[in-house]
Amino acid sequence: MNSSRPVRMSVVLVVYRDSENLRLVLKRLIAQTAVSVLECVLITTSRAKTDWVPSFLQSMRWQVVEVGSIRSAGTAKAAGVAAASAPLVCFLEDHSYPDPLWAESLLRAHENGDFAAVGPVVLNANPGTGASWGCFLVYYGQYMWARPEEQLGHLPANHSCYRRALLLDYGQRLPDLLEAEIVIHHDLLGRGFRLFQESSARTYHLNHSRLGPAVEEYFFASRVFAAERASGWGFMRRMLYAVGSPLLPLVRSVRILSDVHHAGLRRRVLVKAIPAALSTLAAGAVGEMVGYAAGAGRAKERLQRFESQRNRVFSPGDLELARMV
């Protein structure tokens, strides 16, 4: 698509392979009310994996960035930041489906306030199983409703829109920091920058509908988060956090109950989600304990392998629900 209007937001997507869930996301991008000022940046190991894209994205601007190999999601996302043409960079997953006003709402929030990053409200795209709800509440339950700015400590990872210049300021640290974006959020707040969650920007996240993959992913993601968070800490502080990690399921459960209340979810949804949510939280606690005590190890590689095969865990029923949101 040729447009005289400058690109205002680059949407970075990591592409491991052609998949139905990815095509659904791209359809949502070309349906955006702000499509004329958007750019889609597709990060891939080989252009052969995206040779179908030009005809598919003909109604918006796009570029393919070939990185040779994707060692980690953070490395791939950092390549997208470097290649982006716009002053704002928004990350999006290949299994998260924004509504038509998503981009327009994020752009308006950045215009109306001096924010380092703006995040959307995240909702459940496949609410058919207890495992899906449990996984969703653990990962994104705290983003079902837009918190006031003064209560924001972080935004939804892989879904938020940043001022590109601030990300570039991290230099060679950026790939590691993008593995666990919450570390960036804490750093930005500590430096006096502001975060914001825009209530009218909404996206629907497709979740695991089986417990096994949810537990596996959350363990590795939590280990990576703890290792990145504790980078530069002394031994005693790392051990203190490792010893305290078993308390995390209790702390997070209390927060999830509060999120469910604020979002107005029905009690039967919570009851259905409890077994999967507690199992996932327990896996995360173990992951953080190991991450604080022993670092990331090979967790990044394991997490990357999981991401590259994610499309296999979605059932036809999951995708059918996603088409309906």
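The values are calculated or read from the model by the stated rules, or taken from the named source; none is laboratory data. What you are looking at is a predicted structure, and each value in this text was computed from that prediction instead of being measured. Every residue, glycine among them, receives a Cβ derived from its backbone with ideal geometry; neighbour counts consider all protein chains shown.
All conditions in (1) of a type outside the set (Gly, Ala, Ser); (2) under 20 Å from Ala277 (Cα atoms); (3) outside any strand (DSSP E or B) hold for His185, with the sole exception of (2).
The listed residues are Val67, Val89, and the only one of them that is surrounded by fewer than 23 Cβ atoms within 10 Å (Cβ to Cβ) and of a type in the set (Val, Ile, Thr) turns out to be Val67.
Quick grid of which residues meet (1) at pLDDT 95 or above; (2) under 13 Å from the mean Cα position of the chain (by Cα); (3) farther than 30 Å from Val325 by Cα:
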position	(1), (2), (3)
Arg108	yes, no, no
Phe115	yes, no, no
Ala125	yes, no, no
Gly153	no, no, no
Glu179	no, yes, no
Arg194	yes, no, yes
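Residue-wise test of (1) without any contact (Cβ under 8 Å) to a residue 12 or more places away in the chain; (2) closer than 28 Å to Arg71 by Cβ; (3) hydrophobic (A, V, I, L, M, F, W, C).
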| position | (1), (2), (3) |
| --- | --- |
| Val224 | no, yes, yes |
| Ala230 | no, yes, yes |
| Met236 | yes, no, yes |
| Gly244 | yes, no, no |
| Arg255 | no, no, no |
| His261 | yes, no, no |
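Note on the range 123-145: residues that are part of a loop (DSSP other than H, G, I, E, B) and buried (at least 24 other Cβ atoms within 10 Å of the Cβ) amount to 2.
Applying the selection to the range 1-37, what residues are over 19 Å from the mean Cα position of the chain (by Cα), over 20 Å from Ala322 (Cα atoms) and not in a loop (DSSP other than H, G, I, E, B)? Result: Val35, Ser36, Val37. The set of residues in the range 110-139 being hydrophobic (A, V, I, L, M, F, W, C) and either closer than 18 Å to Glu93 by Cβ or without any contact (Cβ under 8 Å) to a residue 12 or more places away in the chain (or both) consists of Ala117, Val118, Val121, Val122, Leu123, Ala125, Cys135, Phe136, Leu137, Val138. Selection of first residues in the range 296-325 that are at positive phi and of second residues that are part of a helix (DSSP H, G or I) and among the β-branched types (Val, Ile, Thr), restricted to Cβ pairs under 9 Å at least 6 apart or on distinct chains, gives the following pairs, ordered by first then second residue: Gly297/Val290. Whether any residue in the range 260-283 is at positive phi and at pLDDT 90 or above is what I want to check. No, there is no match, as no residue in the range 260-283 is at positive phi and at pLDDT 90 or above.
Residues that are out of contact with any Phe, Trp or Tyr (no Cβ under 8 Å at 6 or more places or on another chain) and not in a helix (DSSP H, G or I) within the range 146-156 comprise Ala146, Arg147, Pro148, Gly153, His154, listed in sequence order.
The number of residues in the range 102-127 that are closer than 15 Å to Arg194 by Cα, of a type in the set (Asp, Glu) and out of contact with any Lys or Arg (no Cβ under 7 Å at 6 or more places or on another chain) comes to 1.
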